[in-house]
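To start, the structure itself, in structure tokens.
The values are calculated or read from the model by the stated rules, or taken from the named source; none is laboratory data. On a predicted model such as this, the values are computed, not experimentally measured, just so you know. Positions of Cβ are backbone-derived with ideal geometry, glycine not excepted, and every protein chain shown enters the neighbour counts.
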């Protein structure tokens, strides 16, 4: 049976709001918010981003805070100490405690994966293209993990209420799971899909049964998180962060 239960709660780092999941209790992880933003190309955000990165780096007590160049691929890479460039990579796997990793999101689905037996972690970036390519199951496979040992946390993303897609995208997403029941709706000839739910079902179908799915929609809850669709292609992102 798929274990999906809202175990999310807000916490703070030096007064800056972050979001965490009780499913990963004891594992240092969080999702940033507008207050704690660590990625943006907007000039007016540069000073805040730099300040928050230093704040979070000090909080995590790491020398390296690593993130990849995301391109909506299904490329997965292990981090290496001293390496900071990860081109065309949309999932990073962390197996050392000298670094922390983060990936960036503004409607796409963030997925944190933690293997409690091997003590390794990963973050996957699943927009509709990554979801079609099953980036989350591919990340688990690359981790060489037993699905029974994986804890999965699916963070804030655009929800079914707001994510309408065309027939082409709908049909591609539908093919990624054995059972598409409950993962879409139709309103006035528009198709809406549950990207968080599709990724959760992909994980369930490879045997992962401990999954926490965030209830927050980046479009509805735009005061807290960034939304590419609602904010006319903003370059600001909230991030998924983890360290071992």
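Within segment 83-97, the residues that satisfy the criterion of being without any contact (Cβ under 8 Å) to a residue 60 or more places away in the chain and either on the phi > 0 side of the Ramachandran plot or assigned to a loop (DSSP other than H, G, I, E, B) (or both) are 83, 84, 85, 86, 87, 88, 89, 90. Filtered by the rule that a residue be touching a helix residue (DSSP H, G or I) at 6+ places or on another chain (Cβ under 9 Å) and either on the phi < 0 side of the Ramachandran plot or without any contact (Cβ under 8 Å) to a residue 12 or more places away in the chain (or both), segment 182-191 gives 183, 184, 191. One residue stands out in segment 114-123 among those that are touching a helix residue (DSSP H, G or I) at 6+ places or on another chain (Cβ under 9 Å) and touching a residue at least 40 places away in the same chain (Cβ under 8 Å): the one that is nearest to residue 162 (Cα to Cα), namely 123.
Would you mind finding the one in 73, 36 that is closer than 16 Å to residue 240 by Cα and at pLDDT 95 or above? Give the derivation first.
Values: 73 fails: closer than 16 Å to residue 240 by Cα.
Among 73, 36, only 36 is closer than 16 Å to residue 240 by Cα and at pLDDT 95 or above.
All of 210, 196, 230 fail the test of being within 17 Å of the chain's Cα centre (by Cα), more than 13 Å from residue 109 (Cβ to Cβ) and modelled with pLDDT of 95 or more, apart from 210.
Cβ-Cβ contacts under 7 Å between residues 6 or more apart (or on different chains), taken from a first residue in segment 225-244 that is touching a residue at least 60 places away in the same chain (Cβ under 8 Å) to a second residue that is in a strand (DSSP E or B) and surrounded by fewer than 18 Cβ atoms within 10 Å (Cβ to Cβ), are listed as 242/28; 243/28. A count restricted to segment 31-54 and to residues that are in contact with a helix residue (DSSP H, G or I) (Cβ under 9 Å, 6 or more places away or on another chain) and buried (at least 17 other Cβ atoms within 10 Å of the Cβ) stands at 6. Taking segment 116-232 as the region of interest, the helices (runs of 4 or more DSSP H) fully inside it that hold 3 or more residues being buried (at least 18 other Cβ atoms within 10 Å of the Cβ) are 128-132, 135-143, 195-205.
If I filter segment 29-40 for residues that are under 17 Å from residue 120 (Cα atoms) and touching a residue at least 40 places away in the same chain (Cβ under 8 Å), do I get at least one hit? Yes, because at least one residue in segment 29-40 is under 17 Å from residue 120 (Cα atoms) and touching a residue at least 40 places away in the same chain (Cβ under 8 Å). Being surrounded by fewer than 22 Cβ atoms within 10 Å (Cβ to Cβ), on the phi < 0 side of the Ramachandran plot and in a loop (DSSP other than H, G, I, E, B) holds for only one residue in 80, 20, 57, and it is 80.
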